[in-house]
Amino acid sequence: MRILIVDDSAFFRRLLRELLSTEPGYDIVGEAVDGAQGLDMACRLKPDIITMDVEMPGMDGIAATRRIMEKCPVPILMLSSLTHYGAKSTFDALDAGAMDFMPKINGSSGGAMAQQLPLLKAKLRLLAGRRAALRHAPPPEAPRVHPSSAAGAEPRKCERIISSRGIVLIGASTGGPVAVQQVLQTMPADFGVPILVLQHMPPVFTQAFAERLDRVIPLTVKEAEDGEMPLPGHAYIAPGGVHTQLGWRNNKPAFVMREALAHEHFRPSVDVGFSTAASVYRSDVLAVVLTGMGNDGVLGARALKAAGGHVWTQDRESSVIFGMPMEVAKAGLSDAVKSLDDLASCLHSCLR
């Protein structure tokens with residue numbers, strides 16, 4: 001795998017090179033110190049994948065990503081600082097065409113980043129495999145949705161499967177932020193049930209993600225809070241670092257936050273959210289499993305199906321990584337496999 005590193009930090013470039021050079025099958029073909037040099041090297045060296053810093057002097061990672069996707073499309077993995085500003089900028093880079101991101105954990109010894117190496121390798125391998133799909137793709141455009149205009153879109157007529165007392169759950173991982181926005185951006189502001197989004201993401205990123213979605217989609221979007229009762233017309237983002245469960249407060253459904261156990265690697269977990277929703281809402285649940293690597297969601301989907309709930313999964317063609325939806329479908333737990341466009345359209349008319 002031919003990798004181009006774009007980062008203005010000499011320390012981080014060396015750290016990344018040393019970590020990956022010890023692994024078989026990873027070839028660092030170039031290192032760029034800013035976005036302009038990264039653009040030149042991307043088109044000249046034609047790497048399989050690029051790791052891109054967000055904040056750089058001159059041409060930053062957002063501008064560089066946009067230009068690369070216009071001139072010589074390559075899968076791009078953003079490496080972003082764990083700050084609110086870094087998180088907001090990362091979502092701008094995803095709009096510009098980057099496929100996914102990882103938080104950049106700096107440390108004098110590099111030990112913290114070394115712990116991330118298995119996840120980094122998995123993301124690089126899977127995203128690089130999507131290069132062929134990018135070569136002839138048009139340059140991506142950042143969605144610009146006015147909150148009052150999207151509700152006028154004509155929805156496709158699909159299954160009416162949950163009542164006004166139900167809930168919609170969305171689980172996603174790699175490629176999820178863009179997919180979630182696409183699914184939600186045409187939902188009417190008065191959608192009749194609450195929506196809970198369980199996206200694998202660190203804490204500061206979930207807050208920035210909620211703020212971003214609240215600006216560009218008709219629904220009210222916020223991070224879910226412990227004890228909060230989910231309301232229609234709202235989309236709730238499960239906060240990173242903890243699990244968001246569904247439980248009861250004052251005889252009404254409510255979000256219940258709990259700390260993750262040592263073996264629970266995804267925080268928030270799709271399995272935890274789906275499973276606890278099954279015990280509260282029973283059959284009055286529609287769960288949607290979007291793009292992502294791994295199998296988080298299979299156990300939760302099984303609990304939902306046992307309770308009479310409904311599960312839709314994203315198809316291979318529209319998924320950045322066809323891991324999570326594939327595993328749910330392979331287990332025989334998907335009621336329907338739909339493209340991202342069809343998922344967005346069908347959610348309009350899922351209420352009976």
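Worth pointing out:
- Per-residue ³J(HN,Hα) for the range 220-229, Karplus 6.51 cos²θ - 1.76 cosθ + 1.60, θ = phi - 60°, Hz, x for Gly and Pro: 7, 10, 7, 5, 5, 10, 4, x, 6, 8
- Computed over the chain: relative contact order in percent, which uses C-alpha pairs under 8 Å that are six or more apart: 14
- Other-chain or far-sequence residues with amide H under 5 Å of residue 287's (modelled H): 169, 310, 311, 312
- Available extension along the chain between residue 160 and residue 283 is 43.0 nm, counting 0.36 nm per residue and deducting the alpha carbon span.
- Heavy-atom accessible area with a 1.4 Å probe sorts 248, 312, largest first, into 248, 312.
- Rounded to the nearest Hz, the phi-derived 3J(HN,Hα) couplings of the range 258-268 under the Karplus curve 6.51 cos²θ - 1.76 cosθ + 1.60 (θ = phi - 60°) are 9, 5, 7, 7, 4, 8, 8, 7, 8, 9, x, where x marks glycine and proline.
- Expressed as a whole percent, the accessible surface of the chain that belongs to carbon and sulfur atoms is 52, based on a 1.4 Å probe.
- Bridge type composition, the chain - antiparallel percent by DSSP, nearest 5: 15
- Sequence-distant residues sharing a close amide H with residue 267 (under 5 Å, placed H): 201, 241
- Hypothetical label at residue 117: residues of the range 20-39 whose amide nitrogen lies under 11 Å (7 Å Cα-Cβ projection): 20-24
- A DSSP coil position with no more than 13 other Cβ atoms inside 10 Å describes the following GluC sites (Glu not before Pro) in the range 222-258: 225.
- Beta bridges per DSSP with both ends in the range 193-337, % antiparallel, nearest 5: 35
- Potential extension, residue 229-residue 352 segment - 0.36 nm per residue separation minus Cα distance: 42.1 nm
- The base-10 log of I(q)/I(0) for the chain, evaluated at q = 0.09, 0.10, 0.11 Å⁻¹, reads -0.48, -0.59, -0.71 [Debye formula, identical scatterers on Cα atoms, solvent excluded].
- Taking all protein chains into account, the per residue accessible area for the chain stands at 40 Å² (1.4 Å probe).
- Note on residue 46 and residue 261: with the Förster distance fixed at 30 Å, the Cβ-Cβ geometry gives a FRET efficiency of about 0.10.
- Rounded to whole Hz, the Karplus (6.51, -1.76, 1.60) HN-Hα couplings of the range 246-254, x for glycine and proline: 9, x, 10, 9, 6, 6, 10, x, 8
- Counting lysine pairs in the chain that sit 8 or more residues apart in sequence, or on different chains, and whose Cα atoms lie under 27 Å apart gives 27.
- Computed Rg/Rh of the range 203-332, alpha carbon atoms with Kirkwood Rh: 0.95
The values are calculated or read from the model by the stated rules, or taken from the named source; none is laboratory data. As the structure is a computational prediction, the values presented were derived from the model and not from experiment. Please note: Cβ atoms are built from the backbone with ideal geometry, for glycine as well, and neighbour counts cover all protein chains shown. Side chains are part of the model used for accessible areas, which takes the heavy atoms of the whole protein and leaves out ligands, DNA and RNA. Shrake-Rupley method; radii C 1.70, N 1.55, O 1.52, S 1.80 Å.
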